[in-house]
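We did not get these values from a lab; they are worked out from the coordinates using the rules stated. Bear in mind the structure is a predicted one, so any value in this text is a computation, not a measurement. In this analysis, Cβ positions are derived from the backbone assuming ideal geometry, glycine residues included, and neighbour counts consider all displayed protein chains.
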Amino acid sequence: MTFPKKIAIDGTAASGKSTLAEKLATQLGYLYFDTGVMYRAVTFVALEANLDIDDEKVITELAERIQIDVQPPSVADGRTADVLVDGKDITWLIRSPRVERNVSQVSTYGGVRKAMTAQQRRIGLRGNVVMVGRDIGTVVLPEADLKIYLDATPDVRAQRRFDEKRLRGEDVTYDEILAGILLRDQIDSNRAIAPLKPAVDAHIIDSSGKGIEEVYEEALALIEDPIEE
Ligand code: DC
């Protein structure tokens, strides 16, 4: 009997995936790997270079070319990891509204997904990892020992994201956050390749009306339920 070594956490935008995964990874001493940052990094670099986001070929070539590194946090400013592209720290830059408006589109491209999935899988297969995304349990790491799919109502998710951003001093409105979340849900769930959906063997947790601790305890119970080798 053993604890799960590869844990996949998928779910909708702002459903609390990252918070849960980070807590679990800290508790277990596992690597925390948020795969969304890779799609955000490609989007950020494309926008910086004034590339046409609708040009699949150009964006795919970029994704195949750039070197994205995710490392343990080097600065205590609320970040959970350093995100570097070709050596440059872009950790906070990938959280901008502009990146957020374009990242779902970039993540629909098959070639971009292929490049990102290969890198993610390599890291995931090493084990002792809590991996977060949209397609970890279904595509990136289908052999994960434990799969959790996290969701919450759009209102709850928008409120959480709004609170987070206001806390960081960002000038945003609840309505624009909600609209952004609904749009990303729509694109993420309906894309042709690796759409957002729970794996058949995923444990679904609805975090609406639940605090961080409650969701964490629920997930921990799944982890402490030992699996047969
Ligand atoms: O989790 P996030 O908000 O940082 O994700 C940003 C975008 O990246 C999201 O719109 C969907 C996409 N994504 C994906 O398609 N597959 C993943 N494994 C992770 C993120």
Problem set entry | C-alpha center-to-center spacing [segment 137-182, segment 58-127] in angstrom | 17
Exercise. Which value, in debye to the nearest 20, gives the size of the charge dipole of segment 87-175 about its Cα centre, when Lys and Arg are +1 and Asp and Glu are -1 at the Cβ?
Worked result: 360
Exercise. When the helix-only estimate is applied to the chain (DSSP H runs of n ≥ 4, each -39,500 (n - 2.57), divided by the residue count), what is the mean residue ellipticity at 222 nm, nearest 500 deg cm²/dmol?
Worked result: -14000 deg cm²/dmol
Exercise. Which ³J(HN,Hα) values in Hz, rounded to whole numbers, follow from the phi angles of segment 218-224 under the Karplus curve 6.51 cos²θ - 1.76 cosθ + 1.60, where θ = phi - 60° and Gly and Pro get x?
Worked result: 4, 5, 4, 4, 5, 6, 7
Seminar exercise, completed: Computed about the Cα centre, the charge dipole of segment 34-125 from +1 Lys/Arg and -1 Asp/Glu charges at the Cβ has a magnitude in debye, to the nearest 20, of 280
For this session: Would you mind ranking Val130, Val58, Val156 so that the residue whose beta carbon has the fewest other beta carbons within 10 Å leads the list?
Result: Val58, Val156, Val130
For this session: For the chain, with a Gaussian network of springs between Cα atoms less than 10 Å apart, report the residue from Asn102, Asn190, Asn50 with the top mean-square fluctuation.
Result: Asn50
For this session: Read phi for every residue in segment 163-171 and hand back ³J(HN,Hα) as whole Hz from Karplus 6.51 cos²θ - 1.76 cosθ + 1.60, θ = phi - 60°, with x for Gly and Pro.
Result: 4, 4, 5, 5, 4, 7, x, 7, 8
Problem set entry | Bridge type composition, the chain - antiparallel percent by DSSP, nearest 5 | 30
For this session: Using the structure shown, select from Lys5/Lys57; Lys17/Lys57; Lys23/Lys114; Lys114/Lys210; Lys23/Lys57; Lys165/Lys210 the pairs with a Cα to Cα distance greater than 27 angstrom.
Result: Lys5/Lys57; Lys17/Lys57; Lys23/Lys114; Lys114/Lys210; Lys23/Lys57
Exercise. How would you rank Phe162, Phe3, going from fewest to most other Cβ atoms within 10 Å of each one's own Cβ?
Worked result: Phe3, Phe162
Exercise. Assigning unit charges at the beta carbon (Lys, Arg +1; Asp, Glu -1) and nothing else, what dipole magnitude in debye, to the nearest 20, does the chain show about its Cα centre?
Worked result: 440
Exercise. Using the 10 angstrom Cβ neighbour count as an exposure proxy, how do Thr153, Thr2, Thr80 rank, fewest first?
Worked result: Thr2, Thr153, Thr80
Exercise. Taking the Cα centre of segment 131-229 as the origin and placing charges on Cβ (Lys, Arg +1; Asp, Glu -1), which of Gly209, Pro154, Ala219 is farthest toward the positive end of the dipole?
Worked result: Pro154
Problem set entry | Furthest towards positive pole of dipole, Gly110, Ala144, Gln120, structure part segment 106-146, Cβ charges | Gly110
For this session: Could you list which residues have their amide H under 5 Å from that of Ile205, counting only those 5 or more apart in sequence or on another chain, with H placed in the peptide plane?
Result: Tyr149, Leu150, Asp151
Exercise. In the neighborhood of Pro198, defined by Cβ-to-Cβ distances under 10 Å, what is the net charge if each Lys or Arg adds +1 and each Asp or Glu adds -1?
Worked result: -1
Seminar exercise, completed: Here the gain from full extension of Arg101 to His203, 0.36 nm per residue of separation minus their alpha-carbon distance, amounts to 33.8 nm
For this session: Go through segment 195-201 residue by residue and turn each phi into a ³J(HN,Hα) via Karplus (6.51, -1.76, 1.60, θ = phi - 60°); whole Hz please, and just put x for glycine and proline.
Result: x, 5, 6, x, 5, 4, 9
For this session: Rank Val99, Tyr30, Val172 by how far each Cα sits towards the positive end of the charge dipole of the chain (+1 on Lys, Arg Cβ; -1 on Asp, Glu Cβ) and give me just the farthest.
Result: Val99
Exercise. How far, in nm, would the chain grow between Phe3 and Leu222 when pulled straight, counting 0.36 nm per residue and subtracting the alpha carbon separation?
Worked result: 77.9 nm
Exercise. Can you work out the base-10 log of I(q)/I(0) for segment 1-141 at q = 0.09, 0.11, 0.19 1/Å, using the Debye formula on its C-alpha atoms alone?
Worked result: -0.26, -0.39, -1.17
Exercise. In Å, the Kirkwood hydrodynamic radius of segment 147-229 over pairs of distinct alpha carbons?
Worked result: 14.8
